[in-house]
1. What FRET efficiency would be calculated for the residue pair R373, E105, taking the C-beta separation as r and a Förster radius of 51 Å, to the nearest 0.05?
2. Under unit Cβ charges (Lys, Arg +1; Asp, Glu -1), what dipole magnitude, rounded to 20 debye, does the stretch 206-614 have relative to its Cα centre?
3. Sort W138, W558 by Cβ crowding within 10 Å, fewest neighbours at the top.
4. Could you compute the FRET efficiency for A222 and T594, with r as their C-beta to C-beta distance and R0 at 30 Å, rounded to 0.05?
5. How do 414-423, 595-604 rank on mean C-beta neighbours within 10 Å, highest first?
6. How do T349, T445, T69 rank when sorted from fewest to most other Cβ atoms within 10 Å of their own Cβ?
7. How many nm is it between the label spots at H395 and A257, if each spot is 7 Å from the Cα in line with the beta carbon?
8. Note down the relative contact order for the stretch 206-614 as a percent, whole number, built from C-alpha pairs under 8 angstrom at least six residues apart.
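Each reported figure results from applying straightforward, stated rules to the coordinates on display, with no laboratory input. All of these numbers come straight from a predicted model, not from anything done at the bench. Virtual Cβ from ideal backbone geometry, glycine too; neighbours counted across all protein chains shown.
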Amino acid sequence: MIRDRVLFAAAVLAVWCSVGPARLIASALRGADALSSFVMLAFGGVLLGLGWFLAQEEEAPSLPVLLATGLAAALLFSQWELPEERFHLVLYPPLGWLAWRAAGEGRARSAVAIGLVLVAGVGDEGLQGMHPERQFDWMDLLANGLGGSIVPLLALGGWAAWASPVVLVTVALLFAPIQRAIGVAPPPRTGGSQDGPPAEVPVYAPAAQERVEVQRVEGIYADHNVVLITIDALRADHVPPHGRAPVPTPAMDALAAESLALAGVAAGTWTSPSMVSTLSALHPAVHGVDGRGLDIAPSLVLPLEQLADAGWVVVGHAGDDTENYRHLGITTELDRSDEATALGHALVTNEAPVFAWVHLRDVHAPYDATPERLLELGLPSEIPSAPILDRARSHYTVPRAAFPGRHDWLKPIVRALYAAEVADADAALGRVMSAIEASGELGRTLVVLTADHGEELLENDGIGHASTTLDSVPRPVLQDIPMLIRLPDGARAGQRSSSSLRQQDLLPTLLPLLGVAVTLPSADPTLVGVDRSDAVLLESPEAGSAPTTWFVSSPCGWQCPPPRRAERVAAVQGDRWEWCRYGADQEEPACDGTLEPLLRRARALAKALQTPVPAE
């Protein structure tokens with residue numbers, strides 16, 4: 001018995017020492033298929049080895065019980081999003097066996113062993129919670145308990161051994177409610193849902209685009225200007241009425257008081273795919289501008305081109321040699337050194353109505369506010385020394401793999417540094433709004449304030465977004481963006497709608513208000529934007545339901561190194577995130593479930609439209 005208890009103590013130490021390397025491997029390979037395969041193979045080896053050990057005892061589980069336990073564990077693994085917890089499921093069965101050996105004899109042997117393992121699991125997480133760069137994780141604790149309980153339950157023998165697969169299956173089936181109960185599941189998105197049409201939908205080919213004719217309709221704001229203001233990496237929870245930044249934001253406050261607020265939904269997790277979707281009304285999986293060196297096909301006749309054909313002057317970011325905004329219909333580029341002045345000049349000098357896109361980059365990393373600036377804003381001003389924080393304050397990228405582990409102790413200062421960037425963006429927004437007012441055109445201008453994507457502030461162990469972290473998947477904090485629409489006549493000023501508006505829905509919603517009907521290359525609302533003007537004009541919260549929201553994005557965005565530029569992440573949000581990774585060169589992406597038909601339809605439409613094309 002003394003030998004067994006020494007073995008148990010040694011196993012506790014071994015498991016604790018192995019957690020660090022396991023987390024390093026998990027952080028480096030997060031979500032990769034290779035990692036999942038490795039974990040499953042490791043579990044299979046552990047299970048067979050423990051089965052052999054138990055076979056030397058009287059309480060030997062039968063082969064059907066072992067097989068059922070393996071299948072149940074595979075089902076549970078499929079529910080877990082993060083591989084760290086899967087490592088816990090693998091690490092703890094050996095500890096459970098040693099605890100069972102150390103628990104002595106008697107009918108309560110398995111119960112005592114489970115109790116010992118639970119104590120070890122709580123101690124594991126408790127020690128992590130005491131470390132400034134780690135945290136007490138309820139999902140890890142659940143994985144500890146499940147992994148450590150498998151062998152003591154198998155050791156019950158006979159029919160009682162079936163408790164092991166039954167427990168695993170039960171937890172797998174209740175996985176989503178358990179996540180919600182302990183507060184780790186993403187909240188459901190508001191705005192409803194709408195089923196997509198059948199897989200085959202009519203499209204027009206590029207050769208037929210010449211026949212697209214502009215159709216004028218009766219618009220409530222016919223011949224008005226539109227100023228689209230996007231602030232890079234601006235989170236919805238820092239813009240009223242979606243939320244509030246911990247710093248004064250007088251320009252945002254004033255605009256929100258005059259605007260309708262909707263729940264904005266980004267189309268991607270970095271700038272190019274999101275903005276191309278916003279200005280083309282196409283899903284990123286259709287336009288394909290989701291990597292460096294790609295442009296949308298010039299043969300397409302897009303909404304801004306249709307607006308220009310109807311008489312508008314379209315100005316904004318035409319795109320330089322490195323950017324992806326060519327062929328979107330922007331004919332005149334604003335002077336980026338002083339966009340507020342350039343915008344005011346465009347509104348004054350053009351007799352025709354103007355559509356202008358102004359993109360402000362004040363919020364984007366690096367978060368380089370000085371302690372003096374933080375103190376001036378009333379924010380925490382003590383900046384501790386930490387590698388990930390030093391990187392975020394000095395670089396555009398903060399690679400997630402380079403800074404493994406959790407850094408919760410840095411959340412307050414990271415949020416303070418981000419808030420200082422928001423204060424700068426608010427000042428830039430104030431200059432833009434002043435320029436519109438000084439032009440005398442505010443009374444006949446629709447103003448939209450939104451963002452290209454959100455930003456992680458250590459919610460998921462990273463800082464930034466795809467182009468910043470170099471390892472990103474769609475999450476609510478990246479997809480939820482502000483969406484303020486200021487109507488010229490003050491309609492719905494200061495109101496907040498429960499409806500959501502995807503980026504690709506913005507132009508199909510605005511242009512009919514201007515008196516221009518938009519022609520899009522498909523009727524599939526999962527692939528192109530839809531007219532949500534009912535949600536903008538009507539006060540009823542039931543003013544139409546939002547189409548299905550799904551995403552395709554490069555996991556490392558603009559900063560992807562050449563070997564990774566073919567990688568893509570696809571995701572769809574239902575009760576929980578469903579997502580997968582695949583290579584862009586795969587003819588059929590290895591995604592199943594809800595994603596498979598969406599990707600298949602998107603690829604068929606992109607092929608018909610012959611987009612994207614290599615950048616010029």
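1. Numbers: r = 68 Å, r/R0 = 1.33.
With a Förster radius of 51 Å, E is 0.15.
2. Values: 32 positive and 54 negative charges, 147 e Å.
With Lys and Arg at +1 and Asp and Glu at -1, about 700 debye.
3. Working: W138 15, W558 18.
Ordered by Cβ neighbours within 10 Å, fewest first: W138, W558.
4. Values: r = 40 Å, r/R0 = 1.33.
E between A222 and T594, to the nearest 0.05, is 0.15.
5. Details: 414-423: 22.8, 595-604: 19.0.
Ranked from most to least packed, the peptides come out as 414-423, 595-604.
6. Numbers: T349 10, T445 21, T69 29.
Ranking T349, T445, T69 by Cβ neighbours within 10 Å, fewest first, gives T349, T445, T69.
7. Placing both labels 7 Å along Cα→Cβ, they lie 4.3 nm apart.
8. Values: 915 pairs, mean separation 118.8, N = 409.
Averaging sequence separation for qualifying contacts and normalising by length gives 29 percent for the stretch 206-614.
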